[in-house]
Amino acid sequence: MDWDGFAHWSKHISDWGANYHKSLRDRPVRAQTAHGAIAAQLPVSPPEGAETMDAIMADFETIVMPGMTHWQHPRFFAYFPANAAPPSMLAEMLVTTVAAQCMLWQTSPAATEVEGVMVDWLRQALGLADGFTGVIQDSASSATLSAVLTMRERATGYTGNRDGLSDKGQLRIYCSDQVHSSIDRACWVAGIGQANLVKIPTNGPRYAMDVAALQAAITADRAAGHTPAGIIAITGGTGIGACDVLGPILEIARQEDLYTHLDAAWAGAAMICPEFRADFWADVDGFDSIVFNPHKWLGAQFDCSVQFLKDPAPQLNTLKIEPEYLRTTGESVTNYSEWTIPLGRRFRALKIWFLIRSYGLEGLRTRIRNHVAWAGELCEVIRAKEGFEIVTEPILSLFSFRCPGDDATQQRLVDALNDDGRIYVTQGAFQGRKIIRFQVGQFDTTRDDVVMAGAVIGEVWSKMK
Ligand SMILES: *Cc1c(COP(=O)(O)O)cnc(C)c1O
C-alpha cells in the first residue's frame, strides 16, 4: 500500500465508523453467532500473494462484523462499560499513525510530558491531594500487579528480585472477599500465592471489609511468624460494586507499616463528581497506590489505566532496571518504562487530552450523574415487577436483581435477554445465589434506552415463564 492508498482507505474507514456508530441501536448488542462460525469462514493458510484492500474490507464486513459484540451500543448494560468517546478514537488514530514507542523520555519527549500533565489533570479531576504522581498503564491488572510486587519487595527489604523468594517465609496480603480476580492473579504471578491472599469478610450496606477481622487476621499472622506485606482495598467491586470504608483500613496499615493499594478501576471515574467523594472516597489520600481506568466509565478508548502513586520510589525500587542500551545521557528525566512491567509503551495520554478538552470535566460529569440517576429509576421499575427481587441496591450505577425462580431460571432469563438482542446483561453470584447484574454507563446511553431495558426485561420474562 502506498500513502495515497492509505489516505483513501483512512477516509473510507472513518466514514464507515461514523455510519457504524449511528446504526448501533438497530444491531443486536451481543453477537448472535455460534461458536466456531467465524473461524470456519477464514482460509486455513495465509495467502502467498497480495490481496486488495477492497477484498479485505469486504471480508471484514461480511465475516468479522457479524461476530462482534457491540460494546459501544447504547443498550450495553453488561460487565462494566469500555467507552470510546469519538475524540479519544481520533487521538488513537493519531497515536497509531505516528506509531512511536514511548518507553523513555528521549524516545518521544512529548509523550512523557503530556502523560505527566494528564496524570495531574486526572488527579485534580478526582480531587486527590497534591503530591500524587502517577503513570498510565494498559490495564488495572498491570497496575495492581505493580503494586503487589512493590508490597513484596518493600516487605523483604528489596531483596526478592535479587535473591528470589525461597527464604522469605509467607508474605501475606489482605483484601476483602469482594475484590476482582486481578488481585488473585497478581498474587499468583508475584510469587505470593493464593493461600497467602487473606480474604476478609464484608458487611454493611456497601459490603465493606470488616476491619476488626482485618486486624485480627494480621495479628494472628504475625503470631504465626508470617510477614504481612500490604492491604488492597476496593471502591466499586466488579460483582456488586462493594466499597470499603477507607479510613479505618488506612489506620491499621499505618500502625502495621503495610503498603496500601486501592482498586477503583470502575468507580474511580465517578469521583470526578465531587458529590460522590464524601460518601465513597473519604480518606482516599492516605493510599500509597490507587488505580482507576479512564477506559471504563470515563470514555477514553481502551486501553488506558492510571495508577496514582503517593511516592513513586518504592515502585521504582521494585521495577526499575537500566541495561546499557536503555541508558540516556543528560539531565534527570522521567522514563515511565521504569515505573511499569512492560518496557514498550504506547502514547496513551493523548486520548485523555483529547477527551477532557472535547467535553470538559462538566460534560463528563453530566453523563455519569445521568447514569447513576437512570440506574436508580430502573431499579425501582424492576422492584415493582411481580415476584422480582432487588438483591443488591444501587451502588453508583450498578445493582443486581433476581426474577422469580431458581438459579437456573436466572441464567435462562439472562440468555433469553441476550438472544433477544435489544439489551445485553450478565449474570453474577452473590452470597451463593445467581444474580442478574445491571449497570448503566455506556457513553451514548439515553434515558429512553434505560427505560426500554425495563420494558424488554418484562416482555422477555413474560414470554419465557
Ligand atoms: C475492570 C476491573 C478490573 C480489571 O481491569 P483491567 O483494566 O481489565 O485489568 C479490576 N478491578 C475492578 C474493580 C474492575 O472493575
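So is Ile341 more than 20 Å from Arg123 (Cα to Cα) and in contact with a strand residue (DSSP E or B) (Cβ under 6 Å, 6 or more places away or on another chain) or not? When the stated conditions are applied, Ile341 does not pass them.
Quick test of your reading of the structure: Asn196 fulfils all but one of (1) in contact with a Lys or Arg (Cβ under 6 Å, 6 or more places away or on another chain); (2) open to solvent by 10 Å² or more (accessible area, probe 1.4 Å); (3) within 16 Å of the ligand (Cβ to nearest atom). Name the failing condition by number. For Asn196, the failing item is (3).
Taken as a whole, segment 395-410 holds no residue that is touching a residue at least 12 places away in the same chain (Cβ under 8 Å) and in contact with a Pro (Cβ under 8 Å, 6 or more places away or on another chain). Under the condition of being small (Gly, Ala, Ser) and out of contact with any strand residue (DSSP E or B) (no Cβ under 9 Å at 6 or more places or on another chain), which residue from segment 183-215 is farthest from Glu153 (Cα to Cα)? Of everything passing the filter in segment 183-215, Gly204 is farthest from Glu153 (Cα to Cα). All conditions in (1) over 30 Å from Gln124 (Cα atoms); (2) touching a strand residue (DSSP E or B) at 6+ places or on another chain (Cβ under 8 Å) hold for Ile395, with the sole exception of (1).
Restricting segment 44-67 to residues that are assigned to a loop (DSSP other than H, G, I, E, B) and over 25 Å from Phe6 (Cα atoms) leaves a set whose member that is most open to solvent (accessible area, probe 1.4 Å) is Val44. Based on this model, can you work out whether Ala34 counts as at negative phi, open to solvent by 50 Å² or more (accessible area, probe 1.4 Å), over 27 Å from the mean Cα position of the chain (by Cα) and small (Gly, Ala, Ser)? Taking the combined requirement at face value, the residue satisfies it. The residues on offer are Gly239, Gly131, Gly164, Gly204, and the sole one that is of a type outside the set (Ser, Thr, Tyr), touching a residue at least 60 places away in the same chain (Cβ under 8 Å) and open to solvent by less than 50 Å² (accessible area, probe 1.4 Å) is Gly239. Pairs linking a residue in segment 447-464 that is farther than 16 Å from Asp419 by Cβ to a residue that is open to solvent by less than 60 Å² (accessible area, probe 1.4 Å), with Cβ atoms under 6 Å and 6 or more positions apart or on different chains, are Arg447/Trp374; Asp449/Pro74; Asp449/Arg75; Val450/Trp374; Val450/Leu378; Val450/Val440; Gly454/Leu378. The condition of being in the same structural domain as Phe292 (by TED's automatic domain parsing), surrounded by fewer than 17 Cβ atoms within 10 Å (Cβ to Cβ) and in a helix (DSSP H, G or I) holds for Ala212. Output the number of residues of segment 140-161 satisfying the condition of being away from the ligand (no atom under 12 Å from the Cβ) and open to solvent by 10 Å² or more (accessible area, probe 1.4 Å). The number of residues fulfilling the criteria is 9.
State all residues of segment 222-263 that are among the charged types (D, E, K, R) and within 16 Å of the ligand (Cβ to nearest atom); if no residue qualifies, say none. Asp244, Asp263 - these are the residues of segment 222-263 that are among the charged types (D, E, K, R) and within 16 Å of the ligand (Cβ to nearest atom).
For the subset of segment 113-169 comprising residues that are in a helix (DSSP H, G or I) and basic (Lys, Arg), which member is nearest to Trp297 (Cα to Cα)? Once the filter is applied, the top-ranked residue is Arg123. Every test in (1) surrounded by fewer than 23 Cβ atoms within 10 Å (Cβ to Cβ); (2) over 18 Å from Ala313 (Cα atoms) is passed by Leu104 save one, and that test is (2). Applying a threshold of 8 Å to beta carbon distances and a minimum spacing of six or more residues, or different chains, the list of pairs starting in segment 361-372 at a residue that is more than 16 Å from Gln124 (Cα to Cα) and ending at one that is in a helix (DSSP H, G or I) reads Ile368/Ala269; Ile368/Ala270; Ile368/Ile272; Ile368/Trp297; Asn370/Arg447; His371/Trp297; Val372/Ala270.
Taken as a whole, the structure leaves Asp244 outside the set of residues that are open to solvent by 10 Å² or more (accessible area, probe 1.4 Å) and not assigned by TED's automatic domain parsing to the domain that holds Phe401. If only residues of segment 257-292 that are of a type in the set (D, E, K, R) and at negative phi are counted, the one that is surrounded by the most Cβ atoms within 10 Å (Cβ to Cβ) is Asp263.
From the list Phe287, Phe347, Phe308, the one residue that fits, being over 24 Å from Thr238 (Cα atoms) and away from the ligand (no atom under 13 Å from the Cβ), is Phe347. Of the conditions (1) open to solvent by less than 10 Å² (accessible area, probe 1.4 Å); (2) assigned to a loop (DSSP other than H, G, I, E, B); (3) within 16 Å of the ligand (Cβ to nearest atom), Val179 fails just one. Which one is it? So the condition that Val179 fails would be (1).
The values are calculated or read from the model by the stated rules, or taken from the named source; none is laboratory data. Note that the structure is a prediction, hence the values are computed from the model and not measured. As a convention, Cβ positions derive from the backbone with ideal geometry for all residues, glycine included, and neighbour counts pool all protein chains shown. Ligands, DNA and RNA are stripped out before the accessible areas are found, and what is left, the full protein with its side chains, is counted by its heavy atoms. Shrake-Rupley method; radii C 1.70, N 1.55, O 1.52, S 1.80 Å.
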